[in-house]
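Working notes, structure below.
The values are calculated or read from the model by the stated rules, or taken from the named source; none is laboratory data. All of these numbers come straight from a predicted model, not from anything done at the bench. Glycine gets a Cβ as well: all are built from the backbone with ideal geometry, and neighbour counts include every protein chain shown. The area values use the complete protein model at the heavy-atom level, side chains included, leaving out ligands, DNA and RNA. Shrake-Rupley method; radii C 1.70, N 1.55, O 1.52, S 1.80 Å.
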Amino acid sequence: MHQLTLAEIARGLADKQFSSEELTKSLLARIAQLDPQLNSFISVTEDLALEQAKAADARRANGESGALLGAPIAHKDLFCTQGIRTSCGSKMLDNFKAPYDATVVAKLASAGAVTLGKTNMDEFAMGSANESSYYGAVKNPWNLEHVPGGSSGGSAAAVAARLLPAATGTDTGGSIRQPAALTNLTGLKPTYGRVSRWGMIAYASSLDQGGPMARTAEDCAILLQGMAGFDANDSTSIDEPVPDYSASLNDSLQGLRVGVPKEYFSAGLDPRIAELIHTSVKELEKLGAVIKEISLPNMQHAIPAYYVIAPAEASSNLSRFDGVRFGYRCEDPKNLIDLYKRSRGEGFGAEVQRRIMVGAYALSAGYYDAYYLKAQKIRRLIKNDFMTAFNEVDIILGPTTPNPAWKLGAKNSDPVAAYLEDVYTITANLAGLPGLSMPAGFVDGLPVGVQLLAPYFQEGRLLNVAHQYQLNTDWHTRTPTGF
């Protein structure tokens, strides 16, 4: 049963081929057996999962239906879950049990989804490799000596290893799309404001967005359907009708205008990945798409702008973790200042401290105009580039990452090298656009992804293109050896 997709699970439950309880028990046993190799879970919620599975079976017996009713999933461990540890991968929140459910958690639970656990992640979602977690690094199931990407690496590794069919992730600068590419998954970052951030512990509030991670575009459509929608509790949530994402999956791609930015194919891109991207372009051409070279001239400024804006927002958001109200508190503080300093110094890891320091510096008197304000102006230029491009094309296609997954520890001594792995993904966050990564082949036995970007609220178009591509390729069906 572990090889079934969400769509296949929905059909199997509807046809009474198996129950949600049977499926849940099977996957819990698989997690217990295989996850010690991967370290993809921080918490496994066995009791909750079995309780939800029994309730889902009862709802089906009473005549209810729904694609997510009885379907097993997991949540990245920054979505608050009532009464269950929500750690954000940090010592700071190791003892924190949320008193409420995040909107995403509540919506999926209402739809009947079964929560198997909370997945490992880079501490406070800060990282590109899932190596900064307080609970240890996550391993890539395609090669256990390599990273799975981050910060949603736990969700990615768990789904890629067939421990469960789908999981939630969050994307601040590529943290859904990048690990999806490095583990052979489909991952979607929705338009900013499409999915509620209420109860999602913040890294950078103007960039963070929750989204689905699964093996197929069809499954991402199902999971996004349950996650999306307006939420009055979130001031950045947009009151826009949610379409039926599954309804447009089989639309024709005839005449679809696909833009390929010339800036994507620079010296920093592995030439083998460039070749796979060109192969993907040809596949879409066979399906009727029209390819056009475009330009995103301000892309070169994206990384410096992002790594001013995101740390600045992080330094503000993480100021609430002070050892006073909740979370980690140091032993025997001498006074209030000592309490603040040692609680934060002991509770936060090195990468989080680095970004807090960078952000605090960028926001400080005398530097705000020189760094933060200038970065926000560059952000607007990047958005304008996309708006110009989307006057000419329907979607934009390119690589998700410049390289395949690297070895564990290979970039630990050079944080900037890890930051550069986000070069193709962060522009979507700066502009607030939806983006999707889908499997496109392998380099040295490691997966490679192709990224699609679309105008605001065009998630359905991204899912349609990815689904049609997956009907005509088999990259997404490959399974890592041993899993």
- Message: Would you work out the Kirkwood radius for the stretch 274-401? I mean one over the mean of 1/r across all pairs of different Cα atoms, in Å.
- Response: 18.2 Å
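How high is the FRET efficiency from D414 to Y361, r the C-beta distance, R0 25 Å, rounded to 0.05? Don't skip to the answer; put the middle values down first.
Numbers: r = 20 Å, r/R0 = 0.81.
Approximately 0.80, to the nearest 0.05.
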- Dividing the alpha-carbon radius of gyration of the stretch 42-92 by 2.2 N^0.38 Å (N being the number of residues), what value is obtained? 1.39
- Note on the structure: On the formula 1/(1 + (r/R0)^6), with r taken between the Cβ atoms of K292 and R325 and R0 of 45 Å, the FRET efficiency rounded to 0.05 is 0.25
- Select from N140, I84, V308 the residue farthest towards the positive end of the dipole of the chain; place +1 on Cβ of Lys and Arg, -1 on Cβ of Asp and Glu, and compute about the Cα centre. V308
- Task: Label the stretch 109-253 by shape, choosing from rounded, prolate and oblate, from the square roots a ≥ b ≥ c of the eigenvalues of the Cα gyration tensor; if a/c is under 1.5 it is rounded, and otherwise prolate applies when a/b is larger than b/c, oblate when it is not.
- Result: oblate
- Based on alpha-carbon positions alone, could you give the equivalent ellipsoid semi-axes of the stretch 132-210 from the gyration tensor, as √(5λ), descending, whole Å? 22, 13, 10
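Just need the Rg to Rh number for the stretch 173-320, please, alpha carbons only, Kirkwood Rh. Mind dumping the intermediate values first?
Details: Rg = 17.8 Å, Rh = 17.9 Å.
So for the stretch 173-320, dividing Rg by the Kirkwood Rh gives 0.99.
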- Query: Leaving out same-chain residues fewer than 8 places away, which lysines sit with a Cα under 22 Å from that of K25?
  - Reply: K16, K54, K76, K118
- Just report the Cα centroid separation between the stretch 236-257 and the stretch 385-410, whole Å. 20 Å
- Note on the structure: Rounded to the nearest whole number, the Stokes-Einstein translational diffusion coefficient of the stretch 93-141 at 20 °C and 1.002 mPa s (Kirkwood radius, C-alpha pairs) in µm²/s is 166 µm²/s
- Task: Would you compute, for the Cα atoms of the stretch 436-483, the largest minus smallest coordinate along each principal axis and list the three values in descending order, in whole Å?
- Result: 39, 18, 17
- Per the Kirkwood treatment, what hydrodynamic radius in Å, one decimal, follows for the stretch 135-174 from the mean inverse distance over all distinct Cα pairs? 10.4 Å
- Task: With an 8 Å cut-off on Cα pairs and a minimum separation of 6 or more residues, tell me the relative contact order of the stretch 111-268 in percent.
- Result: 17 percent
- Projected onto the charge dipole of the chain (unit charges on the beta-carbon of Lys, Arg, Asp and Glu, signs +1, +1, -1, -1), the Cα from S364, G149, A221 with the largest positive-side position is that of S364
- Item | Cα gyration tensor of the stretch 257-347 - equivalent ellipsoid semi-axes, whole Å, descending | 50, 14, 12
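Lys and Arg at +1, Asp and Glu at -1: add these up for the other residues within a Cβ distance under 10 Å of G169 and post the number.
On the way: positive: K76, R177, K189; negative: D171.
Surrounding charge for G169 is +2.
Within the set K97/K334; K91/K334; K282/K374; K107/K282; K189/K407; K97/K189, which residue pairs have Cα atoms separated by over 29 Å? Could the numbers behind the result be given before it?
Details: K97/K334 27 Å; K91/K334 21 Å; K282/K374 39 Å; K107/K282 39 Å; K189/K407 26 Å; K97/K189 27 Å.
Pairs exceeding the cut-off: K282/K374; K107/K282.
Could you rank E459, E351 by how accessible they are, 1.4 Å probe, largest area first? Walk me through the numbers on the way to the answer.
Details: E459 0, E351 30 Å².
From most exposed to least exposed: E351, E459.
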- Task: Please sort by residue number the trypsin sites (Lys or Arg not before Pro) in the stretch 86-120 whose DSSP state is loop and whose Cβ has at most 10 other Cβ atoms within 10 Å.
- Result: none
- So, over other residues within a Cβ distance under 14 Å of D322, counting Lys, Arg +1 and Asp, Glu -1, the net charge is +4
- The value for the stretch 46-159 (convex hull of the alpha-carbon atoms, volume per residue, Å³) is 102 Å³
- Note on the structure: Stokes-Einstein, Kirkwood over Cα pairs, the stretch 1-78, 4 °C, 1.567 mPa s; D in µm²/s equals 99 µm²/s
- Task: On the full set of protein chains, 1.4 Å probe, figure out the accessible area of L339 and give it in Å² to the nearest 10.
- Result: 20 Å²
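What is the Rg over Rh value, at two decimals, for the chain, using alpha-carbon atoms and the Kirkwood definition of Rh?
0.95
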- Note on the structure: In whole percents, the bins of 5 Å from zero upward hold the Cα-Cα pairs of the stretch 348-445 as 2, 9, 14, 17, 19, 16, 12, 8, 2, 0
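Sequence gap at least 6, Cα distance under 8 Å: using those rules, report the relative contact order of the chain to the nearest whole percent. Please report the intermediate quantities before stating the final value.
Working: 1144 pairs, mean separation 85.5, N = 483.
Relative contact order here is 18 percent.
Taking K and R as +1 and D and E as -1, what net charge do the other residues with C-beta under 12 Å from the C-beta of V448 add up to? Kindly include the intermediate steps, with their values, before the conclusion.
Details: positive: R272, R478; negative: D270, E275, D444.
It works out to a net charge of -1.
Given the C-alpha atoms of the stretch 198-252, compute the convex hull and give its volume per residue in Å³. The partial results should precede the final answer.
Details: hull volume 6.1 nm³, N = 55.
Here the figure is 111 Å³ per residue.
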- Task: Run the dipole for the chain about the Cα centre, Lys and Arg Cβ at +1, Asp and Glu Cβ at -1, nothing else charged, and hand back the magnitude in debye, nearest 20.
- Result: 500 debye
- Query: For the chain, with the dipole built from +1 on Lys and Arg beta-carbon atoms and -1 on Asp and Glu ones, taken about the Cα centre, which of L318, P179, G441 lies farthest toward the positive end?
  - Reply: L318
- Item | Whole-Å distance, taken between Cα centres, linking the stretch 90-119 and the stretch 27-69 | 13 Å
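Tell me which trypsin sites (Lys or Arg not before Pro) from the stretch 1-43 have a DSSP coil assignment and no more than 10 other beta carbons within 10 Å of their own.
Details: sites: R11, K16, K25, R30; in loops: K16.
Passing sites in the stretch 1-43 are K16.
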- Pick out, in residue order, every one of the GluC sites (Glu not before Pro) in the stretch 71-180 that is DSSP loop and has at most 13 other C-beta atoms within 10 Å; say none if there are none. E145
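Need the full-extension length gain, S205 to A274, defined as separation in residues times 0.36 nm minus the C-alpha distance. One decimal, nm.
On the way: separation 69, 0.36 × 69 = 24.84 nm, distance 3.27 nm.
Additional length available on full extension: 21.6 nm.
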- Query: Which number do you get for Rg(Cα) / (2.2 N^0.38 Å) in the stretch 391-483?
  - Reply: 1.22
